[in-house]
Every structure is written in C-alpha cells, then in structure tokens.
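The values are calculated or read from the model by the stated rules, or taken from the named source; none is laboratory data. Note that the coordinates shown come from a computational prediction; the quantities given were computed from them, not determined experimentally. Backbone-built Cβ (ideal geometry, glycine too); neighbour counts: all protein chains shown. Please note that ligands, DNA and RNA were not included when accessible areas were found on the heavy atoms of the full protein model with its side chains. Shrake-Rupley method; radii C 1.70, N 1.55, O 1.52, S 1.80 Å.
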Amino acid sequence: MGTILEVQGENPFRCRAYHNAARALLELPADLTEMIADGGLAEVPGIGETMHAKIVQLATTGSLPAFDKLRAQTPPGLLALLRVPGIGPKKIKALNEALDVRSLADLRAAAESGRIAKVKGFGAKTEANILEGIGFLEAVGGRILQHEARALAAPILEFVRGRPGVVRAEVCGSLRRREETIGDVDVVFSSATPAAVLDEFVALPGVAKTLGHGKTKASVLLPGFKTDQFVQCDVRGVADDQYAFALHYFTGSKAHNIAMRKRALARGLSLNEYALTAVDDDSKRIACRDEAELFQALGLEYVPPELRQDSGEFEAAEAGTLPKLVELGDLAGAFHCHSDWSDGEATLKEMAEGARALGLEYLGIADHSKSLAMARGLTVDRVRDQWRAIDALNAEYAGAFRVFKGTECDVLADGSLDYPDDVLEGFDYVVASVHSRFKMSRAEMTDRIVKAVSHPRVTMLGHATGRLLLSRAAYEVDLDAVIQAAAEHGTMIEINASPHRLDMDAVHCRRARKKGVTIVINPDAHSVAGLGDLDYGVSVARRAWLTRDDVFNTLPVAAAARRLEALRERGERL
Ligand code: DGT
Ligand code: CA
Ligand code: CA
Ligand code: ZN
C-alpha cells in the first residue's frame, strides 16, 4: 500500500507509515495471530492505531477493502514499472502525468521516441538509463539452476578469497542451502577494508552492470546462460568479528532467520546480521567466531544450511537429535545410467571407468526400453546382447568393479511395463519411468504409477513427477498415494540427481522416508560427466533430512547385490 501511495504521489509521511509497518510485521517477535489475540501487536513500535486496525482486518478476514480500492485506482501495468532499475515511484508518477505512461510498453515507446528526455526533471541521460533498465529487466527476472549458479559463483568466490586482506569468504543464500533453483548469487566475506575489495569487484570485466555499490555491499548483473540473460550477484563485506552473523543471516532462509531472531529475543538477546547483543544494552556483545558458536550461544547444535527452513530444525537442534546427513562420499555406486546402447554418449566400459574414477564400487546401467524409440530403446534381442556384454565386462573386472544389469523400463499408459515379465526377470533391477502421455487426469496418472510401483519386478521408481525445472511442470499425480504404494511393496523411489530434474523433491522424499520407503540417488547420466550430477541428488537428500542409512546406494557392493537379489526373489514368490 505504501508503494502504491507513493506512485499516486501521496504525502511521504503517510507512505512511510505503511513501509514502516510492513517492516515491523516482517520482524515480529512472535506469531501474528497470537500477538493480535494478546494485544501485543498494538505495542509494536511503527504500528499506530489505524494501521493496527487494518492489519487486524486483513489478518482475520483475509482481505482489506482499503487495499483493494487503492489497487483499483492504479493501472495494473504501472506497478510493474517499479521493477525497472533506475526508476522509482516519483519518476513513475511524473511520467504517468506528463506522458500518460501506464505500462512497460508505454515506457519503452516513450523512451525510444525521445519524449522522456523532454519531461521536466528528466533528460537524455535518464532516458538512456531507463531504456537500458528495461532491457535488463526483460533479461533478468528468471531463476537459474543450481549448476549454473555454481558456475557463476565459483570464480567470484575465488576472486574475493584472493584479495589481500580478505580473511574468510563463502557463498551464502539459496545456493548455500542448495535449493532447487537460485534467484541470485550471494557472497559474503570478511576484511578490515571491504570497500577496496568491492571497488575491484564491480570493475571486473565479467560484470555487465552495477546495480548498487557501497562500502559494504555491491550488487551487479552477470551474464547468464541464455541469450541476453543476466543474473544478479550480491557481495557483502564485513569485519571478521561480524562474519559469523553475516554468513548466517545471508544464508537464510528468511523463515529460519526470523525463527532464530525470535529465539534470541526469548533469551533477552538481539540478533542481526552483524552481532548478537543484549536487548537492553547493545554494548554487551556475545562474540561468535563461527556459525557453530552462534548456534551454541542460542542453545542449539550446528544446523547444516540445507536444513535452515524453519521446518523442525530448531526443535531437533535443541534436543540434539539432528540427523547426520548423507554426504557425497557415502555413495558407493549409482543406478539409472545410460550408455550408447540407447541414448547415452559413452560405452559401457567408459561409464564404468568414469564411475571408478569417482571412487564408486559399482554402476547400474539402465538403458531405455523398447517403446521409447526416440531414445533408441532396446529390443528384447538387444537387451540379451547387452547382458552378455555386461557379463564380459564384469569378467574383465574380476571383482574389482561391478556393473549391474538394469533397465529404465517405460510405464505404459495403462500402468503396465514395456517388457514382458520373463524379460524383466533377467535384469538385476528395474527402474520404472513415465516418458509418455503426460496429460492424463490426476486420478489416471496416479493409478498408472501406483500400478507400476506395485509390480513385483519393479525395483525403483524413476523421476516421479517428470518435471523439468524452470521448463516443464510436473504431471498431475498424487505422490502420497504413490509413496504409500511404494512403502507397501518395498519399492524404492529415486532422487533423479540431474540438476534439471531433482525429482522426487526433498519435501516428498522426507515424507517417503517417514513411511519407510528407501531412497536411491540416481544420476540419470547420459555421459561420463553426467555421473558428477550425483552431488545434486545428495543436496536433495540432505534437504530431505536423509542419513546414509536411508539411501540405498550407500551400501557396499556385496550388500547392494544381496538386497537386489532379495527384491528379485520377492518377485518370484508373488
Ligand atoms: P533466492 O536468491 O531467491 O534464490 O533466495 P535467497 O534465500 O538467496 O534470498 P536473497 O538473495 O533475497 O537473500 C539472501 C538471504 O538474506 C536470505 O536467504 C535471508 C536473508 N534475508 C534477506 N532479506 C531478508 C529479510 O527481509 N528478513 C530476513 N530475516 N532475512 C532476510
Ligand atoms: Ca540469493
Ligand atoms: Ca541476494
Ligand atoms: Zn527417464
């Protein structure tokens, strides 16, 4: 409401009242509903009587007529202009009045025709800035995938760490929490003279545009991965004794931070991005050298970044029951990989050697099944040829490495499998995946996948929802019903570790684990390099609170082979 009022040219004090109230709400020490009930909200500085009434109305009824009225008065395209770098509410108001600009398209047309330069208070330079801003806005906006963000962050981190006077530096934000997709890249470092580092940083040749540049923070745009795509990068520098607080704060998540600050307040402490101090006396500082000490100061075990979501980590860290999360180094092998027998790039041997080079003891090859013609799915004859090839390779390894015979078997539209049972019987394991007919109803798709995971020959479910991050939505399916069926039939569910998929997601993996489903981290590698994607799968497993024991492919080769054999026998009994 404050922003809309600004665009409308309302008196600055009235606008500020809304902004202040919004900030106060974001930082409330307790739950809003509780604070309304016990009258605490009225005591919060920054929330006056009228504001209080509006907040209560919005919180209790879910709507606020005063807001709806304001919105109705504002052309919808006008507020979108606020996202253009270099233009704020005042300029928007001026352009709206002088040139009737109501949308991004209007703004662009006005700038391109030179009309903005002639408006009082504007000029050719502002006009050029606005055009540039529109261009960047159209190019930014999107989120990027984890591997892309890593590629952008690595050279920056290396640069910052290499500056004289820099003590410590780390990636923070969603990338450190290892979220599925990343909005912008955040880096924090410590130095007695951060400004000098930031001056050098914004001057790097890779920086496309500087959005902001101060003594402790710089925001820039970096060229992204698509044509004309740009990605924001925020770098912050603090004194080394502030580092633990800054690293924790800028790692987030926001929800975790809010809960953390609330916890500090309950102990008479005030926590912000620079320090932990006594509420009543900010000269009383509690020094923390690192995050572990910060958590300890609040009576908590160290919480790994992946768990910082305010989704149970505080209770567990207080009780000392945080799980020991699975690590990349715990993986002993991988399943669901492709070779050049179907749509992979590498030979069986090259894939096996790639896995050995990563320190793995075994690799499961699961090429596509016969119906998936576009991925050169294997006919039954080719399957038998491949088995012989794998037997020969295993003979060559003589126990030094093991290749398992798998298949990524299509789940047909009716939930049946793409090979007959007597062929399925010959595989060491079967990954069942949906690759066709994505547009079924939710009920039909759920029945289809439940039928597949209930099939006695199916060892694991591949990419449970078929989503491609940032490009294709998941098909409609009731994952809880699928998880239930998998639990009943002892079928595993994979975390497809491709950074384009990360499917099943962490929320459902955590639920599946609670139901007793074993999770398997599969790279779905189509090349030797693709095996490296395992690490992204580990990030999902960690965000799902999984330990080594919850993940099938942490088992050493002999135990893994025994378990697969037991699952095959289950098939024979049924
Ligand atoms: P992203 O960039 O959308 O993928 O997600 P984040 O989590 O990296 O978000 P970002 O870059 O806006 O901010 C980095 C961290 O800074 C965020 O995770 C928590 C902290 N932070 C930012 N704004 C606020 C805020 O208003 N309140 C609190 N408590 N923390 C914030
Ligand atoms: Ca971020
Ligand atoms: Ca950021
Ligand atoms: Zn697949």
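Note down the magnitude of the dipole of the chain about its Cα centre, charges +1 on Lys and Arg C-beta and -1 on Asp and Glu C-beta and zero elsewhere, to the nearest 20 debye.
Once rounded to the nearest 20, the dipole reads 1460 debye.
Could you list which residues have their amide H under 5 Å from that of Q229, counting only those 5 or more apart in sequence or on another chain, with H placed in the peptide plane?
HN-HN under 5 Å from Q229: G224.
What is the local net charge at Q232, summed over the other residues whose Cβ is closer than 10 Å to its Cβ (Lys, Arg +1; Asp, Glu -1)? Let's see the in-between values first.
Working: positive: K209; negative: D184, D186, D234.
Here the count lands on -2.
In a shell of Cβ-Cβ distance under 9 Å around L300, excluding L300 itself, what net charge do Lys and Arg (+1) and Asp and Glu (-1) give?
That sum, taken over residues with Cβ under 9 Å, equals -2.
Do you know the relative contact order of region 174-298, to the nearest whole percent, from alpha carbon pairs under 8 angstrom that are 6+ apart?
The normalised contact order for region 174-298 reaches 22 percent.
Mind checking which of Q229, G2, I286 is farthest towards the positive end of the chain's charge dipole, using Cβ charges of +1 (Lys, Arg) and -1 (Asp, Glu) about the Cα centre?
Towards the positive end, the residue furthest out is G2.
Given R₀ = 25 Å, FRET efficiency for A559-R356 by Cβ-Cβ distance, to 0.05?
0.85
Short version: ³J(HN,Hα) in whole Hz for each residue of region 395-404, in order, from phi by Karplus 6.51 cos²θ - 1.76 cosθ + 1.60 (θ = phi - 60°), x for Gly and Pro, what are they?
5, 4, 6, 6, x, 6, 7, 10, 9, 8
What's the carbon and sulfur percent of region 475-526's accessible surface, probe 1.4 angstrom, rounded to a whole number?
Percent of accessible area from carbon and sulfur atoms in region 475-526: 46.
Using a probe of 1.4 angstrom, how much of the accessible area of region 44-123 is carbon and sulfur, in percent? It would help to have the intermediate numbers written out before the result.
Numbers: 2630 of 4620 Å².
That fraction is 57 percent.
Quick one: accessible area per residue over region 20-131, 1.4 Å probe, rounded to a whole number of Å²? Show your work: numbers first, answer last.
Numbers: 6560 Å² over 112 residues.
It amounts to 59 Å² per residue over region 20-131.
With a probe of 1.4 Å, find how much accessible area region 259-359 has per residue, and write the answer as a whole number in Å².
Value returned for region 259-359: 46 Å² of accessible area per residue.
Which percent of the accessible heavy-atom area of region 355-460 goes to carbon and sulfur, probe 1.4 angstrom?
Solvent-exposed carbon and sulfur of region 355-460 make up 52 percent of the total.
Tell me the label-point distance for the pair A192, D549, using the 7 Å Cα-to-Cβ offset, in nm and rounded to one decimal.
Placing both labels 7 Å beyond Cα along the Cβ direction yields 5.0 nm.
Given a cut-off of under 8 Å on Cα pairs at least six residues apart, what relative contact order in percent is computed for the chain?
9
Please give the length that would be gained between L265 and D391 if that part of the chain were fully extended, namely 0.36 nm times their separation in residues minus their C-alpha to C-alpha distance (nm, one decimal).
In short, 39.0 nm is gained.
Multiplying the sequence separation of E345 and E273 by 0.36 nm and subtracting their Cα-Cα distance, what value in nm do you get?
21.1 nm
Estimate the FRET efficiency between L64 and K120 by the formula 1/(1 + (r/R0)^6), using the beta-carbon distance for r and 30 Å for R0, to the nearest 0.05. Don't jump to the answer; show the numbers that get you there.
On the way: r = 36 Å, r/R0 = 1.19.
The formula returns an efficiency of 0.25 here.
Based on alpha-carbon centroids, what's the gap between region 297-342 and region 95-137 in Å, whole number please?
With region 297-342 and region 95-137 each reduced to a Cα centre, they are spaced 49 Å.
Using a 10 Å Cβ count of at most 16 others and DSSP loop calls, identify the longest part of the chain lacking such GluC sites (Glu not before Pro).
Formally, the longest exposed-site-free interval is 28-272.
With labels modelled as points extended 7 Å from the Cα through the Cβ direction, what inter-label distance (nm, one decimal) is found for I258 paired with R83?
The answer from the label model is 2.2 nm.
At q = 0.06, 0.09, 0.10, 0.11 Å⁻¹, what log₁₀ I(q)/I(0) does a Debye calculation on the Cα points of the chain give, no solvent, two decimals?
Here log10 of I(q) over I(0) equals -0.41, -0.88, -1.03, -1.16.
Test of understanding: given the chain, find the longest segment containing no trypsin sites (Lys or Arg not before Pro) that are in a DSSP loop and have at most 11 other Cβ atoms within 10 Å.
After excluding every exposed loop site, the longest remaining stretch is 440-574.
Can you tell me what share of the DSSP beta bridges in the chain is antiparallel? A percent to the nearest 5 is fine.
Around 45 percent antiparallel, to the nearest 5.
Contour minus end-to-end for A473 and D422, with contour as 0.36 nm per residue of separation and end-to-end as the Cα-Cα distance?
Value of the extension gain: 14.9 nm.
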